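Structure record follows, encoded as structure tokens.
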Amino acid sequence: MRKTTKKTERTRDARGHKYRRTGLALGCSVVLVAGTACASPGEDRTGEDKKTSTPLLHGTVHIATAFDQPGFSFWKNRRMRGFDGDIAYYLAGELGFQARFQNVSHADRDAELEGNHAGMVIATYSITTARKKRVDFIGPYLTTKQGFLVRKDYNGIKTANDIAGKTICVVEGTTPEDVTMPKSTRVNKAGDVSACVEEVRRGGADATFNDEAMLYGYVGQNKPGEEQLKIVPNLHRGDENRYGVGIPKGHPEECKRILKVLQKFIVEQWSTSFRAQLPSLVSTYPDWENTFKPNPEDLNRFSSCQA
């Protein structure tokens, strides 16, 4: 069993205000608009978050996401930035709720929704059959293959055969964790993508294996003085991943409403947001729209509901 450490976490709303999630029993009744709780992930909340009578898309909706994932979701200047951040604000504007963001690890995404600690998860959250048994999904809003990020001066991995004998970092609770590597490969597990990237920078791992679109966000953040990074070209492993918006089960009408708005986003705003938030992908893939952009009709195929 993975150990969890109790700690005080904070949520942030669209204006950048902080809200302490532990130790505020009185405040909990005020912000519990989307069925969320004031305790931090991993704490025992038996019996306190089972109510589902409150509408999901009303007032304030707690959105669980990563706070340190460049290109997709990172907190800067009192606002959530990145492609996932753009989707969150778009949904809030179209559906008439206020977005309040809370940090979540990849391993805890399912639990945040199952315990009603968040109304949504928008965190490079891949739609899988196993996850759909626990939560509902609306998507995909982006599709991506899985690849390898290495130091820019490292040439030890060029082909699939080169993976054998190498040290690869993967993130707990993600689809790359389930992809089979050669037996001689050493697999290190970390709690988030940034930790794996840091292992690669300092030489603790030869590569990190994850969704290619996500990894290009880190390549786009290369700064002078840091160990430069690159994606191994034309080397993929595992299945293609499809990112979706996760919500707790039991909200079929809200699911349909989100689906319709997400389809509208793909038609009206997807390309503008992608170009602005993931420029390294745009420069690498001339056909980036056909590579990463889903067909709006695919949402009726892969979502937990149909509109």
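The values are calculated or read from the model by the stated rules, or taken from the named source; none is laboratory data. All figures in this text were calculated on a predicted structure; none of them were measured in a lab. Neighbour counts run over all protein chains shown; Cβ positions are idealised from the backbone, glycine included. Areas reflect the complete protein model, heavy atoms only, side chains present, ligands, DNA and RNA absent. Shrake-Rupley method; radii C 1.70, N 1.55, O 1.52, S 1.80 Å.
Tabulated data for the structure shown
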| item | result |
| --- | --- |
| Conditions (1) open to solvent by 10 Å² or more (accessible area, probe 1.4 Å); (2) farther than 29 Å from residue 232 by Cβ; (3) outside any loop (DSSP other than H, G, I, E, B): number failed by residue 134 | (3) |
| Given (1) in contact with a Ser or Thr (Cβ under 8 Å, 6 or more places away or on another chain); (2) closer than 23 Å to residue 186 by Cβ, number of the condition residue 230 does not satisfy | (1) |
| Some residue of the range 149-157 being under 21 Å from residue 190 (Cβ atoms), small (Gly, Ala, Ser) and without any contact (Cβ under 8 Å) to a residue 60 or more places away in the chain | yes |
| Candidates 142, 149, filtered to the one that is in a strand (DSSP E or B) and either open to solvent by 10 Å² or more (accessible area, probe 1.4 Å) or over 23 Å from residue 63 (Cβ atoms) (or both) | 149 |
| Selection from the range 182-218 of residues that are among the hydrophobic types (A, V, I, L, M, F, W, C) and either touching a His at 6+ places or on another chain (Cβ under 7 Å) or open to solvent by 30 Å² or more (accessible area, probe 1.4 Å) (or both) | 187, 195 |
| Qualifying positions in the range 164-195 - assigned to a helix (DSSP H, G or I), of a type in the set (A, V, I, L, M, F, W, C) and in contact (Cβ under 8 Å) with a residue 40 or more places away in the chain | 193 |
| Looking only at the range 196-215, and only at residues there that are in a helix (DSSP H, G or I) and among the aliphatic types (A, V, I, L, M), the one that is farthest from residue 143 (Cα to Cα) | 200 |
